[in-house]
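Down below is the structure, laid out as structure tokens.
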Amino acid sequence: MPLLDWDPTQVEVAERSDVGQVRKANQDAVAEVRAAQAEIRALIVADGMGGHRGGEVASRLAVETLTQKLETSAAAPEEALRVGFETANARVHEAGGRDPALLGMGTTLVCLVLDANGGAWVGHVGDSRAYRLRDGRLELLTDDHSVVGELMRAGRISPEEARVHPQRNELLRAIGTQPTVLVDVQSVEVRAGDRFLLCSDGLTSMVSDAEIAEIAAGPELEQAAQALVDRANEEGGLDNVTVQLVRIPGTGAGPPGPRALGWWIAAAASALALGLWWALR
Ligand code: CA
């Protein structure tokens, strides 16, 4: 077991899901899983699409299925994630085939799993995202499985162009649209003081990464989550907006915070006073 500089039981989570300014229904779904038996904590965001009700049903069904799999699986987190995603795909696809009103429904699905030994994994299908925020720098952990995601990775369009591209809603991979799905699962490194952000494209299509980094680093986690949603709505809120912010306890090895700075000033003042006392006595 690696020696950890943070306590997995002290991880803090704030989440918000908002309908936005234009849509009538919120087709995003969000969940937090605490599986005591498997000693894991998981965060899930899904963004449904299709039909009148389809999107809502797909995202909810996918989140419920993955939650249940993570809570009951005895497998290692990486394997539990993969099976959870594949089972969610099968259930959504099957439900879409049974009811003509739900035909063709699908959803994105992104999940961060943290275990008691300090391991972390991200599972992902679609264009919802996972980011890691470390020392003020926002790092995208997932590839968007979308037409504009491919164009961006090929260097043919910029993130700014992607946000207004006519094909920006076209996914290349989703949960439930095909009988089987290829799932991205990766292990990610975690340090004390890191933050993670899971979000639907209702945030990233409205707010730039630079602004997300600044807001997500806010001192109070609940306020930061709310501020992200507020910012997307100020920019037009054209889509449902969902965010989950995770704070790994500890301050990390970043630049000294105000408290550390205060300690150094106090230490320097004491040394100076001691020096003066020696010199003058
Ligand atoms: Ca969306």
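Regarding region 83-90, can at least one residue be identified that is over 30 Å from residue 234 (Cα atoms), buried (at least 20 other Cβ atoms within 10 Å of the Cβ), hydrophobic (A, V, I, L, M, F, W, C) and at pLDDT below 95? Within region 83-90, not a single residue is over 30 Å from residue 234 (Cα atoms), buried (at least 20 other Cβ atoms within 10 Å of the Cβ), hydrophobic (A, V, I, L, M, F, W, C) and at pLDDT below 95. Only one of (1) part of a helix (DSSP H, G or I); (2) modelled with pLDDT under 95 is not met by residue 169, so which one is it? If we test residue 169 against (1) part of a helix (DSSP H, G or I); (2) modelled with pLDDT under 95, just (1) comes out false. For region 173-213, a residue qualifies if it is assigned to a loop (DSSP other than H, G, I, E, B), over 26 Å from residue 224 (Cα atoms) and more than 16 Å from the ligand (Cβ to nearest atom), and the qualifying residues are 178, 179, 180, 181, 182, 183. I'd like to know if region 94-109 contains one or more residues that are closer than 23 Å to residue 195 by Cα and within 18 Å of the chain's Cα centre (by Cα). Yes: region 94-109 contains one or more residues that are closer than 23 Å to residue 195 by Cα and within 18 Å of the chain's Cα centre (by Cα).
Scanning region 178-212 for residues that are among the hydroxyl-bearing types (Ser, Thr, Tyr) and surrounded by fewer than 20 Cβ atoms within 10 Å (Cβ to Cβ) yields 180, 187, 208. Selection of region 24-62 for residues being of a type in the set (D, E, K, R) and not in a helix (DSSP H, G or I) yields 24, 28, 32, 34, 39, 41, 47, 53.
None of 7, 47, 18 is more than 16 Å from the ligand (Cβ to nearest atom) and either acidic (Asp, Glu) or at pLDDT 95 or above (or both) except 7. Among residues of region 227-247 that are under 13 Å from residue 17 (Cβ atoms) and among the acidic types (Asp, Glu), none has a beta-carbon under 7 Å from a residue that is away from the ligand (no atom under 11 Å from the Cβ) and open to solvent by 50 Å² or more (accessible area, probe 1.4 Å) at least six positions away or on a different chain.
Given the condition away from the ligand (no atom under 16 Å from the Cβ) and of a type in the set (S, T, N, Q), answer yes or no: does some residue in region 161-172 qualify? Within region 161-172 (the criterion being away from the ligand (no atom under 16 Å from the Cβ) and of a type in the set (S, T, N, Q)), the answer is no, since none of the residues qualifies. Within region 232-246, restricting attention to residues that are on the phi < 0 side of the Ramachandran plot and out of contact with any strand residue (DSSP E or B) (no Cβ under 9 Å at 6 or more places or on another chain), the residue that is farthest from the ligand (Cβ to nearest atom) is 234.
The values are calculated or read from the model by the stated rules, or taken from the named source; none is laboratory data. Predicted, not measured: the structure shown is a model, and the values here were computed from it. Note that we place each Cβ from the backbone using ideal geometry, even for glycine, and neighbour counts take in every protein chain shown. For the accessible areas, the whole protein counts, side chains as well, though only heavy atoms, and no ligand, DNA or RNA atoms are used. Shrake-Rupley method; radii C 1.70, N 1.55, O 1.52, S 1.80 Å.
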